[in-house]
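Where a number appears in this text, it was derived from the coordinates with a stated rule and is not lab data. From a predicted model like this one, the values you see are computed outputs, not experimental measurements. Cβ: placed from backbone, ideal geometry, glycine included. Neighbour counts: every protein chain shown.
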Ligand SMILES: CC(C)(COP(=O)(O)OP(=O)(O)OC[C@H]1O[C@@H](n2cnc3c(N)ncnc32)[C@H](O)[C@@H]1OP(=O)(O)O)[C@@H](O)C(=O)NCCC(=O)NCCS
């Protein structure tokens with residue numbers, strides 16, 4: 001079961017983030033702590049295998065990051081974390097959830113498409129590696 005995160009979890013989450021993302025994109029403990037302190041921010045972790053950070057403000061929610069350890073992938077960890085984040089967003093009165101994903105990120109695109117997200121925008125050359133970001137969204141009323 002996904003469990004709520006707090007700033008005290010930041011060092012362990014940074015280690016997970018570094019394992020999941022390329023070095024240039026990995027977030028340190030300070031950045032994660034800062035994210036968790038943003039207005040409306042929250043997060044869930046699942047047995048040290050993965051975590052999700054999100055925020056819900058003024059009726060709109062966004063996924064800030066999602067990471068699953070390489071050895072724990074394709075077992076439904078990200079799907080469970082995403083569902084927990086969507087339910088929490090609904091609880092916080094958000095009507096829609098947004099996120100950005102690299103056009104090159106096949107795994108994440110598969111995950112989000114599977115979860116009912118659809119493309120609503122494009123940010124060209126958004127990432128450090130020059131890839132485009134797709135902006136995806138999903139209404140939460142049907143979550
Ligand atoms: C993307 C990521 C979070 C997926 O985590 P995961 O726990 O392996 O995902 P799940 O097992 O919950 O997969 C759920 C669905 O997503 C899709 N999916 C997941 N990995 C996939 C892959 N490599 N290729 C295609 N589809 C994939 C599938 O539809 C899958 O359902 P299925 O296994 O029944 O076919 C993980 O690969 C990761 O941490 N990647 C690096 C960090 C990252 O890209 N984060 C997202 C940034 S927006």
With no solvent and one equal point scatterer placed on each C-alpha of the stretch 17-89, evaluate the Debye formula and give log10 I(q)/I(0) for q = 0.16, 0.22 Å⁻¹, two decimals.
-0.55, -0.99
Distance in nm between pseudo-label sites at residue 122 and residue 103 (7 Å out along the Cβ direction from Cα)
0.5 nm
The Cα extents of the stretch 3-139 along the principal axes, largest first and rounded to whole Å, are 35, 35, 28
Where only alpha carbons of the stretch 100-143 are counted, the Rg and the Dmax (Å):
10.9, 35
In nm, spacing of pseudo-spin labels at residue 47 and residue 18 (7 Å Cα→C-beta vector):
2.5 nm
